[in-house]
1. Be a star and scan the range 66-104 for residues whose amide nitrogen sits under 16 Å from the point 7 Å along the Cα-to-Cβ vector of residue 45.
2. Enter the accessible area of residue 76 (Å², nearest 10), with the probe set to 1.4 Å and all protein chains included.
3. Which distance in nm do the two modelled labels at residue 56 and residue 109 give, with both placed 7 Å along the Cα-to-Cβ direction?
4. Starting from the Cα-Cα distance between residue 26 and residue 120, subtract it from 0.36 nm times their residue separation and give me the gain in nm to one decimal.
5. Determine the per residue accessible area of the range 39-115 with all protein chains present and a 1.4 angstrom probe, expressed in square angstrom.
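The values are calculated or read from the model by the stated rules, or taken from the named source; none is laboratory data. Note that the coordinates shown come from a computational prediction; the quantities given were computed from them, not determined experimentally. Heads up, the Cβs are rebuilt from the backbone with ideal geometry, glycines too, and the neighbour counts pull from every protein chain shown. Ligands, DNA and RNA are excluded from the accessible area calculation, which covers all protein heavy atoms including side chains. Shrake-Rupley method; radii C 1.70, N 1.55, O 1.52, S 1.80 Å.
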Amino acid sequence: MNGGCAQAGVGVGIDVGSITVDEPLVAGRMYLLPPLEVINTGDEASEFEIGVSYHEDQQELKPEKGWFGFFPSRFKLEPGLSQEVAIQLLLPPQVEPGDYFAFLEAFPVAKVGSDTSIGVAVAAKTYFTVMPTTTMQTVIYRAKNFLVGNATTTFSILAIV
């Protein structure tokens, strides 16, 4: 039996842990988010991609993957080098107001041998809020936030009724 260790030469890092947009965003507009700096932490040249994923049980709304544009979205890096990736967020005109969350992931596109792939990725947590754009959306948004924020009181009132 061989007691040797497997050694992977692929690695990835980013320069930020989270991106938080402090001001509420408006549907139908385009925004530039802070860029990600992707770093090849491995010891071999690799091709990298940027993508969007979500937390399985997240409470926030999930932005559509197509809302994000990454420039470049795929690139090759030598070991120890980095690539700045610009991030564009394009909100459609009809988007639900509320708090949104997604992971913006950087990962190597690598194959080892003929059948095995390496599943390494790092992600920046990304938070933003879309504000209501019509009076009706504002009323619904505020009522929803009140009901969620006062869930115990709301359920008590509903039980009495």
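1. 75-83
2. Result for residue 76: roughly 140 Å² accessible.
3. 2.8
4. On the way: separation 94, 0.36 × 94 = 33.84 nm, distance 3.43 nm.
Full extension from residue 26 to residue 120 adds 30.4 nm.
5. On the way: 4350 Å² over 77 residues.
Roughly 56 Å² per residue, with all protein chains present.
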